[in-house]
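Only one structure is covered here, and it is reproduced in the block below.
Throughout, read-outs are computed from the coordinates displayed, never taken from laboratory work. Because the structure is a prediction, the values reported are computed rather than measured. Don't worry about glycine lacking a Cβ; one is built from the backbone with ideal geometry, like all the others, and counts go over all protein chains shown.
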């Protein structure tokens, strides 16, 4: 009994003192970079993929990767800083903007990171980068696509990925191209986008451009994410007799919606997805052949290896380590760290202003990236102007680039066959 | 809106509603016997789904075949949860009880992520897959099987409570714990039984769902709120009430989503719930106090 | 004797609270202190209805969100100072609270709790689809102007003192209630509803008073949150998990006691931040497991909350001393 009492007191004391054990040892010749990602919660699976990609990038910079012709991939850290090594400090934002800001502040003020990476979710990126702006620490965002983020004209915010505005423009350029070259013109477009900042913003741009370019939107659904059923949505889609569906969903909803389409016999000529859940490796793994023919805007595809041997080399390395290929999310995170490391190296210092200046002067040619981009170069708002999107189609369980035509590896299959004719 | 679509949405709503009912029955049994709302109920469902998935992935056993095993596993888990946590707070204030089951909810989610990674999983090509088309109406076979399974399981629970001696003991304890104890019914065993039964219901629902719903550590959250509404709508502690309430919620959700707008489907269900309990505070089929 | 001890404790605590940010100078750590004060404040506000009157609401986030949205929308649209916006938000929330109470107080026990969850979830859906307040995109508090007038600061210190001030005001409010006839009636409603009714106390009327005060203070907390984080959306200020957190800090500290939520918030925020900091980066969910285990253990072994447990210890010590 006495023992139990002691145990309880000790336990209570631990509770009270726990948060006081802050502070950490400062190691020399290390460049600390904070990375804030969703590592628990509904998006944790995507968060872990991005974490893996960042660790691979850090490992390549610190320890080198044989035969890969990429700046900084020779190993031995950053040459201009006395071969200092990169050390990533991960934090979990749980998909919560307040937690994202709290973690950003902790990484900056307590861990003394020299720069931040993150956060995948646009709304968390926005609060976390506000924190970086306050303290004057460079924030590099590799994968959030809300156009608003760079419209804030922050001094310390840089984004390598193209944003939603460009992605939706891509959709319509793609439609125009296949209309001109292949005589495929969708007559009735339906939108199915999830009810978050991302889905809502995408819907607005899609509607606006459809009006300007003369496309006919017959149904617009903004559905609540994480539903237990999507039957009402699919019934509406069926009733709309749409021949093209544009969809924005994260993984769980993407899988559930595909299953519901099959079950309810909803088969438009094409499903044009807005990346995210559809580009996740598990989307194809879990749906198998039912995932075929889905079109998605993308920023990365494995078959781009024919354009750039670097993509294959790096992907092989990643696949060897993590038993899966890169996807649009992990490839962007990987690229993000390399862009940041390149800037820190050119700055030759870990002073925030020096890194910021180096970032703004970034000019990496496309051949040194594993992305199908022309390169990385930031404008005054911090947006990379050389990024571009591609359209891929799942054919035989693999993503094949089908647009732009100059880098396409496969011909587009349109219309997709009805579910019972596969 | 033509008749065909009306019929289609109506029937789809009933099918998913029956699954809601089964999840809710488990919650209802626990509540009926000991007046504890189990916030971790969605996590029992999640564990049922994972059990189904792993038996399928590791031993290539079809979910339908492993259903009895999952049922037993979850029954045991429910009883263990009772034995090691709930037993100590049976007479604690309602707030402490909410606190403990809320903790269990987070614990199970964290545990699932720790052991099985946060990846999304699905059971592919189970025996139950594909769909049937009758007169232009589409039904997923997994949905039909799940709905049938839910009816059978709910019926079994009803039979157990109303037609067996053990069930009678359960009911007696629910009515009056002290009196039942005086009659020689050990309430702690009955409580453990209720938790086992409740978890087993959620587990069976999880197995049935696993044939068409993606599986991930947070999946319980999607169903938990709906299950709460179903239980309260049907009347806390009432099995038949939960069945009807499940069907109503399913139909209203699908139909309301179709008519008014999918973005409002949860709000529609909740508004209906509030409206019903305003008129009948004890729920549709609950006992008036 | 006891009150004297307590009063001197309060004075020491208040003095410590005033100088604390000078001892803890790292802004990240100051941020933790602010979080502690913020959650303590909404816990204290929740405690008025949930603790004193015993009506367990898990829909309080609706009031929190209404406060946050009112002050922020007024600031953005007409440039109204958040100080006034905060009061308006509180009043709006109080009116709304009375309306909700008028419906929900018909329900007893778990039905009441379920109904409050339902109301808050409905509000979340409505705000998510309401374009006028940013819908799913949310609202940003402009950062370009700073200072006391707009309640936006670069430094953590002003936020700390505002949070402390809010907490003190809310505590004072609670203390005044405890001492007045209201506190007497509230306890009567909680412990002896039938007796209270037979004495002619209108249960519903007093419950409505309680929910009005409680939602007013909760909404002020919401306005403060918006000014601190500079961004609100339905996913961050209208989620049921936040309602649960308000009740958690109260239970952890001690339900129905004045300082319970402060103690509970200190512990809960400490546990949350510490587990996430040490284990969150691993992506293994270990932080959740530890956090949950602590919650469960505390709820099982210290059902009266930490304050209740400390009081119990003190009493026991007093007894042993007396015996010796």
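Things worth noting here:
- Kirkwood analysis of the Cα pair distances in the protein assembly as shown returns a hydrodynamic radius of 29.9 Å.
- Estimated 222 nm signal from helices in chain A, with DSSP H stretches of n ≥ 4 weighted -39500 (n - 2.57), rounded to 500: -13500 deg cm²/dmol
- Residue-averaged [θ]222 nm for chain C, counting only DSSP H segments that reach four residues, each worth -39500 (n - 2.57): -25500 deg cm²/dmol
- When the helices of chain B are scored as -39500 (n - 2.57) per DSSP H run of n ≥ 4 and the total is divided over every residue, the value at 222 nm lands at -25000 deg cm²/dmol.
- Only beta bridges with both residues in chain A are counted; by DSSP, about 25 percent of them are antiparallel.
- Helix A:97-109 vs. chain A, principal-axis angle (Cα, 0 to 90°, nearest 10): 40 degrees
- Peptide A:160-172 - average C-beta neighbours from other chains (10 Å radius): 0
- Note on the protein assembly as shown: antiparallel DSSP beta bridges, both residues inside, total approximately 40 percent of the bridges counted.
- For segment B:1-160, average projected area of the Cα convex hull in nm²: 11.9 nm²
- Alpha-carbon spread of chain A, three principal axes, descending order, Å: 67, 62, 40
- Crossing angle, helix B:165-175 versus chain B [Cα axis fit, 0-90 degrees, rounded to tens]: 80 degrees
- Across chain C, the relative contact order, built from alpha-carbon pairs under 8 Å that are at least six residues apart, equals 30 percent.
- Among A:303-312, B:14-23, the peptide with the highest mean count of other Cβ atoms within 10 Å heads the list, and the full ranking is B:14-23, A:303-312.
- Legend: mean number of C-beta atoms from other chains within 10 angstrom of residue C-beta atoms, peptide A:87-95, equals 3.
- Cα Rg over Rh - chain B, Kirkwood: 0.97
- Isotropically averaged projected area of segment C:28-239, using the convex hull of Cα atoms (one quarter of hull area), nm²: 11.5 nm²
- Ranked by how many other beta carbons lie within 10 Å on average, peptides B:152-163, C:61-72, B:90-101 from highest: C:61-72, B:90-101, B:152-163
- For segment A:292-405, the percent of C-alpha pairs falling in each 10 Å distance bin, counted from 0 to the bin holding the largest distance, reads 14, 41, 30, 13, 3.
- Counting only other chain Cβ atoms within 10 Å of each residue's Cβ, the peptide C:48-54 averages 1.
- Judged by the mean number of other Cβ atoms found within 10 Å, the most tightly packed of the peptides C:200-210, A:381-391 leads the ranking A:381-391, C:200-210.
- Debye-formula intensities of segment C:88-209, expressed as log10 I(q)/I(0) at q = 0.09, 0.15 Å⁻¹, are -0.43, -1.00 (one equal scatterer per alpha-carbon, no solvent).
- In chain B, the longest principal axis of the Cα atoms and the axis of helix B:239-259 are about 30 degrees apart.
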